[in-house]
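S.K.: To start, I am sharing the structure in question, which I have written as structure tokens.
The values are calculated or read from the model by the stated rules, or taken from the named source; none is laboratory data. Everything quoted here is computed from the prediction, not taken from an experiment. Here Cβ is always computed from backbone atoms with ideal geometry, including for glycine, and neighbour counts include all displayed protein chains.
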Amino acid sequence: MDQIKIGKFIASMRKEQSYTQRQLADMLGISDKTVSKWERGNGLPEVSLMLPLCETLRISVNELLSGQRLTDSEYKNKAEENMMNLVKEKEESRKKIVLSVAVCFLTILSGVTLILLSGVLEMEMWLRVLLAVIASIVIAGGIAVAVVLDLSAGTFECPKCGTRFEPSAIAYIAGPHTITKRKLKCPNCGKISYCKKRLTH
């Protein structure tokens with residue numbers, strides 16, 4: 001989906017209804033920063049906010065996801081296209097998560113193997129240190145790639161207000177986690193809780 005196009009459409013429909021970003025945000029129970037983020041194309045409205053947003057702007061969800069007003073003849077085609085885009089986005093997110101796990105596993109395995117070799121094989125001290133440094137770089141690089149892949153795969157959903165968001169890399173790394181949840185601060189309600197990983201925006 002074209003987030004820039006959707007953002008411009010939200011801004012256009014908001015202005016058509018003569019609402020400021022703050023007024024629209026107050027009607028939806030969110031911050032005006034969130035509305036601004038949508039309109040700049042830096043994210044899509046959370047699923048829980050799509051219907052209230054569409055009702056407020058007097059548009060359909062299909063029009064929102066298309067980023068334009070639709071005629072009756074266009075409606076069905078766009079509905080199918082939007083559904084396929086959501087399925088595709090979910091599938092791409094799954095692939096990124098699998099790839100991030102594989103990268104993390106392989107780099108840790110490679111790094112540990114290098115460290116074991118440096119401790120088991122007979123070699124000069126400088127070579128042993130060099131292998132340990134290379135192993136550390138491989139492990140750190142692999143974890144960094146895995147984090148970037150996982151961060152770009154979907155969003156996290158706040159259990160308190162339902163907002164979906166992408167955390168910063170620092171918040172992501174620092175947050176304690178289970179397999180499917182990570183402890184993060186919601187940018188909308190400000191609560192810190194275990195947010196569930198979602199495969200779509």
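S.K.: For region 1-19, what are the residues that are assigned to a helix (DSSP H, G or I) and of a type in the set (Phe, Trp, Tyr)?
M.R.: PHE9
S.K.: Is it true that ALA144 is under 30 Å from SER168 (Cβ atoms) and part of a helix (DSSP H, G or I)?
M.R.: When the stated conditions are applied, ALA144 passes them.
S.K.: Out of the residues in region 32-57 that are among the polar types (S, T, N, Q) and within 19 Å of the chain's Cα centre (by Cα), which is surrounded by the most Cβ atoms within 10 Å (Cβ to Cβ)?
M.R.: THR34
S.K.: Filter region 152-171 for residues that are touching a Ser or Thr at 6+ places or on another chain (Cβ under 9 Å) and surrounded by fewer than 19 Cβ atoms within 10 Å (Cβ to Cβ); which is farthest from SER31 (Cα to Cα)?
M.R.: Per the stated criteria, the residue is SER152.
S.K.: I would also like to ask the following. What is the residue count in region 172-188 for residues that are outside any strand (DSSP E or B), surrounded by 16 or more Cβ atoms within 10 Å (Cβ to Cβ) and of a type in the set (A, V, I, L, M, F, W, C)?
M.R.: Residues meeting the conditions: 1.
S.K.: Shifting gears a bit: Please name all residue pairs, on different chains or six or more residues apart, with Cβ atoms under 6 Å, provided the first residue is in region 159-177 and is at pLDDT 85 or above and the second residue is among the basic types (Lys, Arg) and not in a loop (DSSP other than H, G, I, E, B).
M.R.: So the pair list comes out as GLY175/ARG182; GLY175/LYS183; PRO176/LYS183.
S.K.: List the number of the failed condition for LEU70; all other conditions in (1) out of contact with any Lys or Arg (no Cβ under 6 Å at 6 or more places or on another chain); (2) outside any helix (DSSP H, G or I); (3) at pLDDT below 85 hold.
M.R.: (1)
S.K.: What do you reckon, is VAL87 at pLDDT below 80, among the β-branched types (Val, Ile, Thr) and under 30 Å from CYS161 (Cβ atoms)?
M.R.: yes
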